[in-house]
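Reviewing the structure listed below.
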Amino acid sequence: MDTLIIPCPHCLALNRVPPERRGDGGKCGQCHQPLFTGRPIVLDRTNFDRHANAGDLPLLVDFWASWCGPCRAMAPVFEATAAQFEPAVRFGKLDTDAEPELAARYHIQAIPTMILLRGGREIARSSGAMPGSALRSWIEQRLTGQN
């Protein structure tokens, strides 16, 4: 692969980045903001498909709701893990109450649910809160193909 396509988390412009330069951070060619912030992006109907389907990075989505106690407990773990895995993986949070159509598309029946997408296709799913070490291990195993 000559370049990676990385959607900007700010303006959604598609950016071409040489794989060996992904770790350099980089800025969007359109809005000049950082392509990686080390934090999960807020996903909604306007940006979900762009990040899930148009980009070359795996996307880990946390389907959650504000009233959910385990979701609130998982939030700082998810955020800390995002800082450790970017720029290899894009992290996003999707509020299932605000975006019920997207939650239904992925058949979310329990929250929190983490879904790892690559090229628009689901490659792994896990429901329930987990500690940071378990989340990191889960991601690493799925990225290397060891289920």
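Here, each number is a calculation from the coordinates, and none is a lab measurement. Quantities reported herein were computed from a predicted structural model and do not represent experimental measurements. Here the Cβ positions follow ideal geometry from the backbone for every residue, glycine too, while neighbour counts run over all protein chains shown.
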- Query: Within segment 76-89, can you find the residues that are assigned to a helix (DSSP H, G or I), of a type in the set (A, V, I, L, M) and crowded, with 18+ Cβ neighbours inside 10 Å?
  - Reply: VAL77, ALA82
- Message: So THR144 passes all but one of these: (1) within 16 Å of ARG39 (Cα to Cα); (2) surrounded by fewer than 19 Cβ atoms within 10 Å (Cβ to Cβ); (3) polar (S, T, N, Q). Which condition number does it fail?
- Response: (1)
- Query: Name the residues in segment 5-64 that are crowded, with 19+ Cβ neighbours inside 10 Å, in contact with a His (Cβ under 7 Å, 6 or more places away or on another chain) and part of a loop (DSSP other than H, G, I, E, B), would you?
  - Reply: CYS28
- Message: Can you find a residue that is crowded, with 18+ Cβ neighbours inside 10 Å, among the basic types (Lys, Arg) and in contact with a His (Cβ under 8 Å, 6 or more places away or on another chain) anywhere in segment 92-110?
- Response: no
- Query: How many residues are touching a residue at least 60 places away in the same chain (Cβ under 8 Å), outside any loop (DSSP other than H, G, I, E, B) and in contact with a helix residue (DSSP H, G or I) (Cβ under 7 Å, 6 or more places away or on another chain) if we restrict to segment 91-142?
  - Reply: 3
